[in-house]
Amino acid sequence: MLTAEDQLSIHALYARYAEAFDRGASEVSADCFTEDGSFTRANGVTSTGRDELRTMAEGVSGIRHLYANVLIEAVGPNEATVSCTNLRLRVADDGAIAIHALGVMRDRVVRTAVGWRFQRRTSSPT
């Protein structure tokens, strides 16, 4: 069972990742993963390891992530699965906002010496 502090820390991980990715802070977004962490996009392309994860986040602009319905389920005291709705908005230069994508994230997070990190993230349209 995870403590309330663990659950809050996992929620903070989601917020930190979204904020960093959306700001173009690729180093910070990559640091939200374990060294060998991976992210599989809805198109099946997987980025593995912090170098690839950093590259994935570089040059992205005009995107805003919103995570909702975050469900955390303990696998053990240092590991959990997490699923959530992932709404990505595109913000145009003129400020116009449109839905870029809507899907589900299915993640595995682990406790590390520096806090909770993503070990694996998988994005799917449903």
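Read the figures in this text as sums done on the coordinates, not as results from a lab. None of the values given here were measured: they were computed from a predicted structure. Positions of Cβ are generated from backbone atoms using ideal geometry, with glycine treated the same way; all protein chains shown enter the neighbour counts.
Return the calculated 222 nm mean residue ellipticity for the chain, to the nearest 500 deg cm²/dmol, obtained by summing -39500 (n - 2.57) across DSSP H runs with n ≥ 4 and dividing by the residue count.
-8000 deg cm²/dmol
What dipole magnitude, in Debye to the nearest 20, does region 4-124 give about its Cα centre under +1 on Lys/Arg Cβ and -1 on Asp/Glu Cβ?
280 debye
Could you check the spin-label model distance between A68 and H11? Points 7 Å from the Cα along Cα→Cβ, value in nm.
Computed distance between label sites A68 and H11 equals 1.6 nm.
At 0.36 nm per residue, minus the direct Cα-Cα distance, what do H100 and T81 gain on full extension? Give it in nm, one decimal, please.
Full extension from H100 to T81 adds 4.3 nm.
Let me have the relative contact order for the chain, percent, based on Cα pairs under 8 Å that are six or more residues apart.
Here the relative contact order equals 25 percent.
Please list, in order along region 22-32, the HN-Hα scalar couplings obtained from phi with the Karplus expression 6.51 cos²θ - 1.76 cosθ + 1.60 (θ = phi - 60°), rounded to whole Hz, x for Gly and Pro.
5, 7, x, 8, 4, 5, 5, 5, 5, 5, 6
Antiparallel versus total DSSP beta bridges in region 18-118: what percent is that, nearest 5?
Roughly 95 percent of the beta bridges in region 18-118 run antiparallel, per DSSP.
Counting only residues 5 or more places away or on other chains, whose amide H sits under 5 Å from the amide H of L2 once H atoms are built in the peptide plane?
The answer is A74.
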